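Below: the structure, in structure tokens.
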Amino acid sequence: MALLLALDQGTTSSRTIAFDADGRIVARAQREFTQHFPQPGWVEHDAEEIWASQRATLVDVLRQLGPRVRELRALGITNQRETSVVWERATGRPLARAIVWQDRRAEEVCARWRAQGLEPRVRALTGLRLDAYFSAGKLRWWLDHQPDWRRRAEAGELAFGTVDSWLLYRLTGGRVHATDVSNAARTLLWDVHARCWSAELLQAMQLPQGWLPQVHPSSHPFGELDVSVLQAPDLTLPPLPITGIAGDQQAALFGQACFEAGVAKNTYGTGCFMLLHTGAQPVASRHGLLTTAAAQPQPNAAAYALEGSVFVGGAVVQWLRDGLRAIASSAEVQALAASVPDSGGVVLVPAFTGLGAPHWQPHATGAIVGLTRGTTMAHIARAALESIALQSAEVLQAMNADVQAAGGPPLRELRVDGGAAVNDLLMQYQADVLGVAVLRPEVTETTALGAAWLAGLQVGVWRSLEELRALWRVQRRFEPQRPPDWAAQQMARWQRAVRQVLAGVQPPAGAV
């Protein structure tokens, strides 16, 4: 039976998973890597450490497979999006630590661009907001602080890429500098209508074009693995083409079999990302969502989605563990939260890196409201879990408003994945506050699965989307168990807390 490899390079760890042609996991490996926080609001990764951790997991899985490596047909890549890497073409050496998608240092750049009136054109051309979350502001910040980079970029000496591009470059021994449409669409530089780099925005933002990667469909013959880069001479591999690339959220949408308009998924990872497939035409949002490219499985068939981003999702559980030390491991949070019937009126707004959709307030900070003398750590833990679902519910409400404004029906179900999706308490609460069914698939590794499916389509392991749709199976369905009035009360309490946070926003000293 054919096997597919998926490299899943995330915000806190690198993973490699091998799938068989039925979508079952055959082998997996994972390694965490260092998070760097050099200043408040700054988040960095060492690109060489990302590569080393990803290579180690790939070698680990290949060794687990043993003789079955002969059955490998292709490799796919999925990645944390917007995180930006710049390296020398000649040496492959990164020139600085990668600036992570969570990093807010480029807000000063984006504020200048907004003051120059760029926001409307950015929205019209890219479907995105002019926010430090995306790659363009990070690139301009680098150019403003590294004077020689502009000359070198214009001379063709430097390469910029999101993490998929960086991995592809290293996997191919420096032969390929490319990305796919789903990652290009997250840079603020990709025209989602014309499907090309926007010369207009590059000029307005004063960014060189020569360091940008080539852009291909998500299922495409990107290159071939150079076995020597694995530094594992004991491994003998067949030729392994790299034939699938998609940003993690678009890969998860694809791995959830959301191939056509009207189907949505939510991934509960470090952040939460809800995507609704909108078909072959981009839909402009009037309610704070993003218009973005979905994974493109066919060369000439564009695909789009509406997206709402929650910056702090599962990361709030990490904060309970590492910041408050309320739990020893993330797995303990469900039991602690379930030890009380509700949050006791406590609402936690985890705006640790600002607020994403639909508010888009980069200067917001976190808050806990509703504390009383009777509040315990269990109430705070429950409020932390509920904050993940409440932020996601806000996004779904905005999504429903956009869909209905475009003449479509409201969503009737939500497909879920990601690490926190295994938490039954969270999933039931999510169904209750949404008022729609929440479906958890048998294979929750849908991000990696989507990358494997894209790779396998290109080499003929599967011949159609219908074959893939038949592989998607529900493990558990969570139906709403609370009345609509209860859900409305929960949302009203959340929105009051958010208003308190927004009312107290103070831009940092020196902000434009």
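The values are calculated or read from the model by the stated rules, or taken from the named source; none is laboratory data. All values derive from a computational prediction rather than experimental measurement. Neighbour counts are summed over all protein chains in view; Cβ atoms, including those assigned to glycine, are modelled from backbone coordinates with ideal geometry. Just the protein is used for accessible areas: all its heavy atoms, side chains included, with ligands, DNA and RNA removed. Shrake-Rupley method; radii C 1.70, N 1.55, O 1.52, S 1.80 Å.
General observations
- Unit charges at the beta carbon, dipole of the chain: most positive-side option, I368, V310, Q30: I368
- When you restrict to C-alpha pairs under 8 Å that are six or more residues apart and normalise by the size of segment 220-310, the relative contact order lands at 22 percent.
- Note on segment 1-156: along the principal axes its Cα atoms extend 59, 34, 33 Å, ordered by decreasing extent.
- Under the convention that each Lys and Arg Cβ holds +1 and each Asp and Glu Cβ holds -1, the size of the dipole of the chain around its Cα centre is about 380 debye.
- Ranked packing of 475-483, 66-74, most packed first, by mean Cβ within 10 Å: 66-74, 475-483
- Calculated [222 nm] ellipticity per residue, helices only, for the chain: -10500 deg cm²/dmol; basis is -39500 (n - 2.57) per DSSP H run with n ≥ 4, divided by all residues, nearest 500.
- Residue-wise HN-Hα coupling along segment 7-12, computed from phi with Karplus coefficients 6.51, -1.76, 1.60 (Hz; x: Gly, Pro): 8, 10, 9, x, 6, 10
- Start at zero, step by 10 Å, and the Cα-Cα distances of segment 264-332 spread as 21, 34, 23, 16, 7, 0 percent across the bins.
- Table column - 3J(HN,Hα) (Hz), segment 253-258, Karplus curve with 6.51, -1.76, 1.60, x for Gly and Pro: 4, 5, x, 8, 6, 8
- With a cut-off of 12 Å between beta carbons, the residues surrounding L336 carry a summed charge of +1, where Lys and Arg count +1 and Asp and Glu -1.
- Here the mean projected area of the convex hull built on the C-alpha positions of segment 399-445 is 3.7 nm².
- Dividing the mean sequence gap of close Cα pairs (under 8 Å, 6+ apart) by how many residues the chain holds gives a relative contact order of 15 percent.
- When DSSP beta bridges are restricted to pairs lying wholly in the chain, around 70% turn out antiparallel.
- Local electrostatic count, S198, Cβ distance below 15 Å [Lys/Arg +1, Asp/Glu -1]: +2
- Three-way shape label, segment 215-344, alpha-carbon gyration tensor, a/c 1.5: oblate
- The peptide list 136-144, 401-409, put in order of mean Cβ contacts within 10 Å with the highest first, becomes 136-144, 401-409.
- Computed on the Cα trace of the chain, the radius of gyration divided by the Kirkwood hydrodynamic radius gives Rg/Rh = 0.95.
- Local electrostatic count at W453 - Lys and Arg +1, Asp and Glu -1, tallied over other residues with Cβ under 11 Å: 0
- Rounded, prolate or oblate (a/c below 1.5 giving rounded, otherwise prolate when a/b exceeds b/c) for segment 372-451 by Cα gyration tensor: oblate
- In percent, rounded to a whole number, the relative contact order of segment 319-399 is 32, using alpha-carbon pairs under 8 Å and six or more apart.
- Å² of accessible area per residue within the chain, as computed with a 1.4 Å probe and no ligands counted: 37 Å²
- Of all accessible heavy-atom area on the chain, the percent that carbon and sulfur account for (1.4 Å): 49 percent
- Inter-centroid distance (Cα atoms) of segment 437-461 relative to segment 165-204, Å: 23 Å
- Expressed to the nearest 5 percent, the antiparallel share of DSSP beta bridges inside segment 1-119 is 75 percent.
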